[in-house]
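In what follows, a single structure is set out as structure tokens and then discussed.
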Amino acid sequence: MSKRLTVANRDQCVGCFSCMYACSRTFRRAGSTNKAALRVRVYSGVEGAFSLRTCLRCAEPDCAAACPAGALVVQPQGGVRLERERCISCGACVRACVLKVLQWDEEERIPLPCVHCGTCARFCPNNVLTLTEEA
């Protein structure tokens, strides 16, 4: 069985960035949201709105196909994992992601693929994100 992170209740997002902070802190030991594998974007306006970007675990990810060094390895359950020692910091993977969900670490110059662990979902106060098991 594999797990998949999904945006289940987009309308309940209040833009608190707790999901991003939890991801960044858990995986990169960073005290900011800059190293999170997902993004919450704020769109201004009278009512305001938030957009959440999470990896969809593509079966044939464009990000992996675009990597000239083979640093993004396609996983059997979909999505990718990073083989950091192979990454040449070209950024082709991020540019290739049609949905613009693969995040980039500007400091370390590496992609930040989501591992679908559910940390972000656990820290979301409004149950916007869910982690589900798939057969």
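Derivation of every value follows stated rules applied to the coordinates shown; laboratory data play no part. Computed from a predicted structure; not experimentally measured. Positions of Cβ are generated from backbone atoms using ideal geometry, with glycine treated the same way; all protein chains shown enter the neighbour counts.
Some values worked out for this structure:
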{"quantity": "Cα gyration tensor category, rounded, prolate or oblate, for segment 1-65 with a/c compared to 1.5", "calculated": "oblate"}
{"quantity": "Ellipticity estimate at 222 nm from DSSP helix runs (n ≥ 4, -39,500 (n - 2.57)) divided over the chain, nearest 500", "calculated": "-4500 deg cm²/dmol"}
{"quantity": "Largest-first principal axis extents, alpha carbons of the chain, Å", "calculated": "44, 36, 27"}
{"quantity": "Dipole of the chain [Lys/Arg +1, Asp/Glu -1 at C-beta], most positive-end residue of 101, 70, 19", "calculated": "19"}
{"quantity": "Residue with peak Gaussian network fluctuation, the chain [Cα springs, cutoff 10 Å], from 54, 119, 26", "calculated": "26"}
{"quantity": "Sites matching trypsin sites (Lys or Arg not before Pro) across segment 78-123 that sit in DSSP coil, with at most 16 neighbouring C-beta atoms within 10 Å", "calculated": "100, 109"}
{"quantity": "Rg/Rg_ref, segment 60-135, where Rg_ref = 2.2 N^0.38 Å and atoms are Cα", "calculated": "1.18"}
{"quantity": "Rg(Cα) / (2.2 N^0.38 Å) computed for segment 34-74, rounded to two decimals", "calculated": "1.65"}
{"quantity": "Expected-Rg normalisation [2.2 N^0.38 Å, Cα atoms] applied to segment 58-99", "calculated": "1.03"}
{"quantity": "For segment 58-99, size of Cβ-based charge dipole, Lys and Arg +1, Asp and Glu -1, in debye", "calculated": "100 debye"}
